[in-house]
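No lab work stands behind these numbers, since they all come straight from the coordinates. The structure presented is a predicted model; accordingly, all values stated were derived computationally and were not measured. Ideal geometry is used to build each Cβ from the backbone, glycine not excepted, and the neighbour counts take in all protein chains shown.
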There are 4 protein chains.
Amino acid sequence: MSAQPHWPGVAEARERLVELHLSLVDNGLVAWTSGNVSARARGADGHEVMVIKPSGIDYAALSAATMVVCDLHGAVLDGGLSPSSDTAAHAYVYRHRPDVGGVVHTHSPYACAWAARHEPIPCVLSAMADEFGGPIPVGPLSAIGDDSIGRGIVDTLDGHRSPAVLMANHGVFTIGPDARAAVKAAVMCEDVARSAHYAHQLGIPKAIPPDMVDRLYNRYQNAYGQHDQPTPSG
Amino acid sequence: MSAQPHWPGVAEARERLVELHLSLVDNGLVAWTSGNVSARARGADGHEVMVIKPSGIDYAALSAATMVVCDLHGAVLDGGLSPSSDTAAHAYVYRHRPDVGGVVHTHSPYACAWAARHEPIPCVLSAMADEFGGPIPVGPLSAIGDDSIGRGIVDTLDGHRSPAVLMANHGVFTIGPDARAAVKAAVMCEDVARSAHYAHQLGIPKAIPPDMVDRLYNRYQNAYGQHDQPTPSG
Amino acid sequence: MSAQPHWPGVAEARERLVELHLSLVDNGLVAWTSGNVSARARGADGHEVMVIKPSGIDYAALSAATMVVCDLHGAVLDGGLSPSSDTAAHAYVYRHRPDVGGVVHTHSPYACAWAARHEPIPCVLSAMADEFGGPIPVGPLSAIGDDSIGRGIVDTLDGHRSPAVLMANHGVFTIGPDARAAVKAAVMCEDVARSAHYAHQLGIPKAIPPDMVDRLYNRYQNAYGQHDQPTPSG
Amino acid sequence: MSAQPHWPGVAEARERLVELHLSLVDNGLVAWTSGNVSARARGADGHEVMVIKPSGIDYAALSAATMVVCDLHGAVLDGGLSPSSDTAAHAYVYRHRPDVGGVVHTHSPYACAWAARHEPIPCVLSAMADEFGGPIPVGPLSAIGDDSIGRGIVDTLDGHRSPAVLMANHGVFTIGPDARAAVKAAVMCEDVARSAHYAHQLGIPKAIPPDMVDRLYNRYQNAYGQHDQPTPSG
């Protein structure tokens, strides 16, 4: 696979990942050193690589220099630290989903509750229709460290509009055209997992009719946000 | 409708909206870029306008300059960014409720749980009687982007003392004489939605007798706060 | 009642109350401008007075100067702002409990859930035996603004070791030998209200045997903390 | 027991404990002055000692100088303040578990809910298999201040891979090869207590098969984190 001009360079990806990892902390998605974000990037020789968090390092100690550059099979190309223990799963996704520019993994607590019961999150809120276009599906319980999780992610998301998948008894993986979009999906996944949890605690929420889900999803994907000018972000 | 002298000017409204949006974040009412606040303002030519958050912009990137000025049908008068995708709903409220100076929309999680079940929040706490004068009602599930939501808000609040309405499967809209009052109503709505949720989780809370609700509401609306001198706020 | 030499002077009480009010915010006990702390103080003429938060003022805007000095019937002696709308309740407590040097009122959410069901918080955790010496009792649903609430607090706490009372459908009042101790009781009340709530959500917690409650309470009241030297606090 | 060269010196232990106590606050594990961390250290004469938090002191007021040095029976060797009221329990653990370099005690709320019901936390999430290698067990309801709690901790953890134990109606104790590892176990204990609580609120989570638990535990203990170079921490 040749490099796409729109992927960020490695130096830029390293910088962005620092900020995005802190965003996981600020949004309450991670405990201690768990969770990780990666980005597909353009290597110096024009080949695609991935940049990912090092394993088991405190969030407050992350810097651009601590991020690890790997090839798309997870082999370390540049970095003094070992990459995330979830590297194989990220790499599998990048190899099999050439549209994906960022991957996020968390054990965010409300999403984990649905995952522990192997239950998809039902689409009972318009914000969920907006971002996920329907339920958030559940993938298989898999070993960590080989291709099992990556394959579970890719196979489960096939045919879904959702950029998030709950891996059974494990946690959340999200994908996006870039790492920031994947982080947004992780934040919104926990937000809707939480509201749907609360809604079910005192009764049965009303489903949103499927045609309304479609209308909400299409509007949000096309009309929300800024389309004609550069967007400030902070 | 001619301009009321008591509405803030556009420049003042832009400044206030920055602080009020950050207040939504500080109070845990919003995730990522969701949620928005608007204010009715006095335009340069003396006509009424509304000032509102731009669509899909990070809260940390908001400034007075990024706010968007629209007429009361939602058409952009001044602003380099697209306005909130909820602009039509805000505009409808300003057109049909000339007493309203501010509108807030959130997907705050406990309120959303009641909204997903299409259940009003019952008045089981004196703080709720104080601020809302009774239950917080539920409006219809509506498409986003046209007048449906605005009409649902206005029609549902008609005949209620509550400045908050839960829109089914969607979230919260609140109104107030100014934007700060609408933000306060949004904060208190989530606060009572949460306490009422907790109360119902382990049994059936006792209702407050209707005459006590009336006494609490009347006292709070008339005796609470500062009435004889300028109020410091920070 | 003549002044006790151990009550702080008014200037000192004003300063301490600023910090203690911020502690309510930091501990998540209050929303918007709700909640208040007062302290019994020694007035300039040697008579006892109370110092209390002004009504409806943002926590971030509180300063020593904004606090209001009242006599023990709630009449304002010094202050440019109106005192808390709960002033009559605080004043009643100071008049009828000469041992009390501080009073706190909050609508902290888990405690409010028990209060909305008119249920005392059962003593199922050693930390609750330590601080409260048994269940936290429930007082009557009362009108706000006259002596009803103050009488309900004093009458309900009579015969209990608990420095906290849940006022039905309303919230929490706590007392202490000084305002800091009352704030501690408010923090611990919400902490045990929350843990007890969680415990009951998935079954029936085991009660702590009464003799163990007594042993825990007596040990904590006598052996916990620093007794022989000045205690740093921050 | 002679001093192990790998235990930190007393000065270093004092410094580390300040940061680790603040970590309890940042992770939401403690209310007011509850909770404590201790470390086994190498005293000036080469004998082993323990360094522990003083009793009832605000977290914000802790400094290296306020920490208390005790022998392994809890007698104060150096310190102007009284040690934690849980000192006897920490000391018992150090005497009977020579492999333990750090002990943590908290009343973290979700763990306390399981403890109040005398129920172990079941292993329904891979993160729990990673860190705890199975369920988190429950120890007996014991008096505070003598050897009962220490003995309950040591006896209950015997034969478990878990570094955490829920003491019935009381709270959490965790152990580790150093104080930082014990703090990590306390953070992860509350994290999995919370997710397991949520999971059980809406149904029965699926168990992770025992052989998968073993695989996850062995991988995490051996492959996670950094093994070949010094690890940055912050």
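Tabulated data for the structure shown
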item: The range D:76-133 pair-distance distribution - Cα-Cα, 5 Å bins, rounded %; result: 4, 13, 14, 18, 22, 15, 7, 5, 2, 0
item: Amide H partners (placed H, <5 Å) of C:ASP178, local residues excluded; result: C:GLY101, C:GLY102
item: Alpha-carbon centroids, the range C:167-204 and the range B:1-79: separation in whole Å; result: 39 Å
item: For residues of D:114-123, the mean tally of beta carbons on other chains within 10 Å; result: 5
item: Rounded to 5, percent antiparallel among DSSP beta bridges of the protein assembly as shown; result: 90 percent
item: Pairs of Cα atoms farther than 33 Å apart, chain C, %; result: 15 percent
item: Sites matching trypsin sites (Lys or Arg not before Pro) across the range B:2-57 that sit in DSSP coil, with at most 10 neighbouring C-beta atoms within 10 Å; result: none
item: Size of the range C:121-209 as Cα extents on the principal axes (Å, biggest first); result: 40, 26, 21
item: Simple Cβ-charge dipole of the range C:10-222, Lys/Arg +1 and Asp/Glu -1, about Cα centre, in debye nearest 20; result: 380 debye
item: At least 15 Å along the helix axis (C-alpha) and Kyte average at least -0.5, DSSP helices within chain A; result: A:10-26, A:179-201
item: Neighbour-count ranking [beta-carbon atoms within 10 angstrom, fewest first] of D:PHE132, B:PHE173; result: D:PHE132, B:PHE173
item: Kirkwood-based shape ratio for the range B:96-159, expressed as Rg/Rh from alpha carbons; result: 0.96
item: Mean ellipticity per residue at 222 nm, deg cm²/dmol - from DSSP H runs of n ≥ 4 across chain C, formula -39500 (n - 2.57); result: -12000 deg cm²/dmol
item: Peptides D:19-27, B:87-95, C:106-114, A:51-59 ordered by average Cβ neighbours within 10 Å, highest first; result: C:106-114, B:87-95, A:51-59, D:19-27
item: Peptide-level mean, for B:106-112, of C-beta atoms on other protein chains within 10 Å; result: 6
item: Cα Rg, Dmax (largest Cα-Cα span) when computed across the protein assembly as shown, Å; result: 28.4, 88
